[in-house]
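This report concerns only the one structure given below.
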Amino acid sequence: ISSTPTPFPADTIQYNLTYSEWTARWWQWVVSIPEDRNPSADETGENCGEGQSGPVWFLAGTFGGLNERNCDIPAGKSIMFPVMNAECSYAEYPDLRTESELRSCAVSSNEGVTELMVTIDGQAIDESQLRSYRVQSPLFNLTLSENNIFGLPASTTQAVSDGFWVFLPPLEPGQHEIHFRGAIVDFTTESQNNFVTESLYRIRIA
């Protein structure tokens, strides 16, 4: 019987970086990869290994809706993924002028999250526990690739992110399933902030 690993607490340091610094690394990873092979736009898992390096393997969510992905991950890698996250950069929001304005922008994007769901090998992580993994990044440099997922010109900018993350110690070799979903649904307005992201990863650790 595989026991579900306990995620690292949000106030810990792993591999010489804080949890929040790792969330910045995730964004630097995902934004550096052109959209045509970006893991967040991937519907099969074929791009799961793009840009992966170091002790932590990053998994991506989706731009909305469910994607089911197959992914091979080397043994001994920690795994980090966002259940729901957002970032704001000067490139995307040229009217923002300061780090505190970027931070307010990122945090406000995740206000009103209505659902956070994670199961690992069928074992659910309690939603109140998931909410304890809400982390804001430090201000970080962000290099937008050509044909980046934001559809912006290639450039280097600065950003701040906010999100609900799960950061797992390495899984045992073999087959695993990680399923996560986050939703922001505003029942009171016709606002555009109705968003659901869901990923189902079938993972082979070898």
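Quick notes on this one:
- Among the residues of the stretch 46-79, those that are open to solvent by less than 20 Å² (accessible area, probe 1.4 Å) and in contact with a Ser or Thr (Cβ under 8 Å, 6 or more places away or on another chain) comprise VAL56, LEU59, ALA60, GLY61, THR62, ARG69.
- The residue pairs whose first member lies in the stretch 119-135 and is closer than 19 Å to VAL107 by Cβ, whose second member is in a loop (DSSP other than H, G, I, E, B) and open to solvent by less than 70 Å² (accessible area, probe 1.4 Å), and whose beta carbons are closer than 6 Å, counting only pairs six or more residues apart or on different chains, are TYR133/ALA10; VAL135/ALA10.
- Meets criteria (of a type outside the set (Lys, Arg), in contact with a Ser or Thr (Cβ under 9 Å, 6 or more places away or on another chain) and either part of a helix (DSSP H, G or I) or over 26 Å from GLN129 (Cα atoms) (or both)) for THR23: yes
- Of all residues in the stretch 93-109, those satisfying the criterion of being at pLDDT 95 or above and open to solvent by 50 Å² or more (accessible area, probe 1.4 Å) are TYR93, PRO94, ASP95, ARG97, THR98, GLU99, SER100, GLU101, ARG103, SER104.
- Scanning the stretch 6-65 for residues that are touching a helix residue (DSSP H, G or I) at 6+ places or on another chain (Cβ under 9 Å), farther than 13 Å from PHE167 by Cα and of a type in the set (Val, Ile, Thr) turns up VAL30, ILE33, THR62.
- Candidates GLN123, GLN136, filtered to the one that is open to solvent by 70 Å² or more (accessible area, probe 1.4 Å), under 15 Å from the mean Cα position of the chain (by Cα) and closer than 28 Å to LEU200 by Cα: GLN136
- Checking each residue in the stretch 110-145 for being farther than 20 Å from PHE180 by Cβ and either modelled with pLDDT of 95 or more or not in a loop (DSSP other than H, G, I, E, B) (or both) picks out PRO138, LEU139, PHE140, ASN141, LEU142, THR143, LEU144.
- Residue within the stretch 175-185 that is within 22 Å of ILE13 (Cα to Cα), aliphatic (A, V, I, L, M) and in a strand (DSSP E or B) present: no
- Residues satisfying the stated conditions in the stretch 1-12, i.e. open to solvent by 70 Å² or more (accessible area, probe 1.4 Å) and not acidic (Asp, Glu): ILE1, SER3, THR6
- For first residues located in the stretch 194-205 and in contact (Cβ under 8 Å) with a residue 60 or more places away in the chain and more than 24 Å from GLY174 (Cβ to Cβ), partners that are among the aliphatic types (A, V, I, L, M) and buried (at least 18 other Cβ atoms within 10 Å of the Cβ) and lie 6+ apart or on another chain with Cβ distances below 6 Å form the pairs PHE195/ILE184.
- Among the candidates TYR19, TYR15, the residue that is open to solvent by 40 Å² or more (accessible area, probe 1.4 Å) and among the aromatic types (Phe, Trp, Tyr) is uniquely TYR15.
- On the stretch given as the stretch 30-44, residues that are surrounded by fewer than 19 Cβ atoms within 10 Å (Cβ to Cβ) and not charged (D, E, K, R) total 4.
- Among (1) touching a residue at least 12 places away in the same chain (Cβ under 8 Å); (2) surrounded by fewer than 17 Cβ atoms within 10 Å (Cβ to Cβ) - the single one ALA154 does not satisfy: (1)
The values are calculated or read from the model by the stated rules, or taken from the named source; none is laboratory data. As the structure is a prediction and not an experimental result, all values here were calculated from the model. Please note: Cβ atoms are built from the backbone with ideal geometry, for glycine as well, and neighbour counts cover all protein chains shown. Each accessible area value is taken on the protein alone, full model and side chains, heavy atoms only, with ligands, DNA and RNA left out. Shrake-Rupley method; radii C 1.70, N 1.55, O 1.52, S 1.80 Å.
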